[in-house]
């Protein structure tokens, strides 16, 4: 098992923060060019995923961490997708929408 | 890669082989907790996604009531606080007690700034009558389900806000421990663990910001 004690690099941490700030500016700025739906949602979520990836890999340091921790995280995302996916298989094919909602 | 100088072994509990194993076990435990947190918030994200798929127009209309500037500033504040949180670990790894303390205090300050901005956003909405659920009295959005959007908004940002407040308490506890000289390059597990929690709170906001504020 690889060790969790990895010295953080000051330069890497600062670069990560700058990248996150730039991506935040991009995600706000991209609104003004009015990308047609659903591509605007895809762009916004893609940028958020990249940002989350940077935080997980560099701030939370999963790239140097135990594979167990990486596996736990990946599975949490997988199960979240199952939760959303299976629920939508129900809710998206009801005619009409569930009464009261 | 173990830290076997006997001077720094006092923190190792008797059921662990060494400091390294204790550190890895603590971190793994925290990751398991974070998994439950992701699925905890995941339920709310699922509600958000399903409701948006049902009523896409509602989200476009209701989102106009959210202040993008304040949301963007809060995103920046949280990213910066994640950086200072990581830097406090970096400082602890370099046995720099003073810098560790400063970075922890800056992180706390950012967390407070986030909550103050959130307070202004919430009170502005309350003033307009934008409350969750049945308390909703705002008439500015011409959609019969407008109150549901704001129920989702308040639940997601509210639960996130509670996490920020808990984070403030935890980081303050780290700061107190750091003042007593509890941390050094061989032992900084609590900062590492709270750091993981704090970064997850940041990640949740990274998704909440575009999903709630940047719809048009």
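The values are calculated or read from the model by the stated rules, or taken from the named source; none is laboratory data. Treat the numbers as computed from the prediction; the structure is a model and nothing was measured. Ideal geometry is used to build each Cβ from the backbone, glycine not excepted, and the neighbour counts take in all protein chains shown.
Would you mind finding the one in B:39, B:44 that is surrounded by fewer than 21 Cβ atoms within 10 Å (Cβ to Cβ), at pLDDT 95 or above, over 21 Å from residue B:128 (Cβ atoms) and more than 10 Å from every other protein chain (Cβ to nearest Cβ)?
B:44
Can we say residue B:81 is in contact with a helix residue (DSSP H, G or I) (Cβ under 6 Å, 6 or more places away or on another chain) and more than 9 Å from chain A (Cβ to nearest Cβ)? Steps first, please.
Numbers: in contact with a helix residue (DSSP H, G or I) (Cβ under 6 Å, 6 or more places away or on another chain): yes; more than 9 Å from chain A (Cβ to nearest Cβ): yes.
Criteria met by residue B:81.
Would you mind finding the one in A:54, A:13, A:8, A:23 that is closer than 24 Å to residue B:93 by Cα, more than 8 Å from every other protein chain (Cβ to nearest Cβ) and either in a helix (DSSP H, G or I) or without any contact (Cβ under 8 Å) to a residue 60 or more places away in the chain (or both)?
A:54
Against the condition more than 8 Å from chain B (Cβ to nearest Cβ) and more than 15 Å from the chain's Cα centre (by Cα), how does residue A:31 come out, does it pass?
On the way: more than 8 Å from chain B (Cβ to nearest Cβ): no; more than 15 Å from the chain's Cα centre (by Cα): yes.
Against the criterion (more than 8 Å from chain B (Cβ to nearest Cβ) and more than 15 Å from the chain's Cα centre (by Cα)), residue A:31 does not qualify.
I'd like the residue in segment B:67-78 that is farther than 17 Å from residue B:168 by Cβ and assigned to a helix (DSSP H, G or I) and, out of all such residues, is farthest from the other protein chains (Cβ to nearest Cβ).
B:70
Looking only at segment A:78-96, which residues are exposed (fewer than 15 other Cβ atoms within 10 Å of the Cβ) and at the interface with chain B (Cβ under 7 Å from one of its Cβ atoms)?
Once the filter is applied, which keeps residues that are exposed (fewer than 15 other Cβ atoms within 10 Å of the Cβ) and at the interface with chain B (Cβ under 7 Å from one of its Cβ atoms), segment A:78-96 yields A:79, A:88, A:92.
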